[in-house]
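J.: Starting off with a structure, shown below.
Bear in mind that the values in this text are calculations on the coordinates, not laboratory data. Source: prediction; values computed, not measured. Every residue, glycine among them, receives a Cβ derived from its backbone with ideal geometry; neighbour counts consider all protein chains shown.
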Amino acid sequence: AQKVTQAQTEISVVEKEDVTLDCVYETRDTTYYLFWYKQPPSGELVFLIRRNSFDEQNEISGRYSWNFQKSTSSFNFTITASQVVDSAVYFCALSEQSFGNEKLTFGTGTRLTIIP
Amino acid sequence: NAGVMQNPRHLVRRRGQEARLRCSPMKGHSHVYWYRQLPEEGLKFMVYLQKENIIDESGMPKERFSAEFPKEGPSILRIQQVVRGDSAAYFCASSPTSFRHEQYFGPGTRLTVT
């Protein structure tokens, strides 16, 4: 069975500091996808990134970067020069390919607070 | 191109009443997933539907909960005889097809049972 662990329940950093959110996953499949979502106080889910298991290249998008390491089953997310608007709950998620069923398994989330 | 629509956004029900949550997928999407987020928790998969078919309902409670996605109209998640423990945010996501791992989430329906 698939599982996603986000061990950090809450993190607080001062604005402009860098912060890394950890995500560790478990799966028996060789083909799978990993995701990060942001949930701001307004409650909607904002898609941030999707990465498939065959692509281990790290990705950078502005102040956001992601480090995918298959050897340690981790998909960590770093925010550089954090801003108050980054305050939100961040979820890591995993989907496997099972006869077209791509249901997502979410971690429990990390609540990030940026202190001005 | 409108996104995934969910209504109502907020729903208050008394214990024992029925709750109906609607999800209109993006245009051209024929796959719908429902997830539940209990307070201070992550999202949990409930059910996966394609038009007129329930594909996977392994995450749905066996009693009082049902889901449908008719040929015409929105997908409906129905909760009968609601209890306080049903209070949660319910999200639906739609996908155009399989094998693409793309799910577009709606804004969610926040159900409060009093």
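J.: Could you run through the range B:8-23 and say how many residues are part of a strand (DSSP E or B) and more than 10 Å from the chain's Cα centre (by Cα)? Reasoning before the result, please.
T.: If we filter the range B:8-23 for residues that are part of a strand (DSSP E or B), which is where we start, we get B:10-13, B:19-23.
Checking which are more than 10 Å from the chain's Cα centre (by Cα) leaves us with B:10-13, B:19.
Here the count works out to 5.
J.: Of everything in the range A:25-43, what is part of a strand (DSSP E or B) and either of a type in the set (Ser, Thr, Tyr) or surrounded by fewer than 17 Cβ atoms within 10 Å (Cβ to Cβ) (or both)? Give them in sequence order. If you could, list the steps in order and put the result at the bottom.
T.: Start the filter on the range A:25-43 by keeping residues that are part of a strand (DSSP E or B), which leaves A:25-26, A:32-39.
Result: A:TYR25, A:GLU26, A:TYR32, A:TYR33, A:TYR37.
J.: Which of the following residues is closer than 24 Å to A:THR5 by Cβ and acidic (Asp, Glu): B:GLU41, B:GLU72, B:GLU63?
T.: Working: B:GLU72 fails: closer than 24 Å to A:THR5 by Cβ; B:GLU63 fails: closer than 24 Å to A:THR5 by Cβ.
Unique residue meeting the criteria: B:GLU41.
J.: Between residues in the range B:55-79 that are in contact (Cβ under 8 Å) with a residue 40 or more places away in the chain and residues that are among the charged types (D, E, K, R) and in a strand (DSSP E or B), which pairs lie under 7 Å by C-beta distance while being six or more apart or on different chains?
T.: B:PRO74/B:ARG22; B:SER75/B:GLU68; B:ILE76/B:ARG20; B:ILE76/B:ARG22; B:ILE76/B:GLU68; B:ARG78/B:ARG20
J.: Quick check on my filter: what residues within the range B:87-114 are away from chain A (no Cβ under 11 Å), surrounded by 16 or more Cβ atoms within 10 Å (Cβ to Cβ) and under 15 Å from B:ARG13 (Cα atoms)?
T.: Selection gives B:SER87, B:ALA88, B:TYR90, B:LEU111, B:VAL113.
J.: Mind listing whichever residues of the range A:44-89 are closer than 25 Å to B:MET5 by Cα, free of Cβ contacts under 8 Å to residues at least 24 places away in the same chain and assigned to a loop (DSSP other than H, G, I, E, B)?
T.: A:GLU44
J.: Condition (residue is surrounded by 14 or more Cβ atoms within 10 Å (Cβ to Cβ), among the β-branched types (Val, Ile, Thr) and more than 14 Å from chain B (Cβ to nearest Cβ)) applied to the range A:68-77: is it met by at least one residue?
T.: Checking the range A:68-77: not a single residue is surrounded by 14 or more Cβ atoms within 10 Å (Cβ to Cβ), among the β-branched types (Val, Ile, Thr) and more than 14 Å from chain B (Cβ to nearest Cβ).
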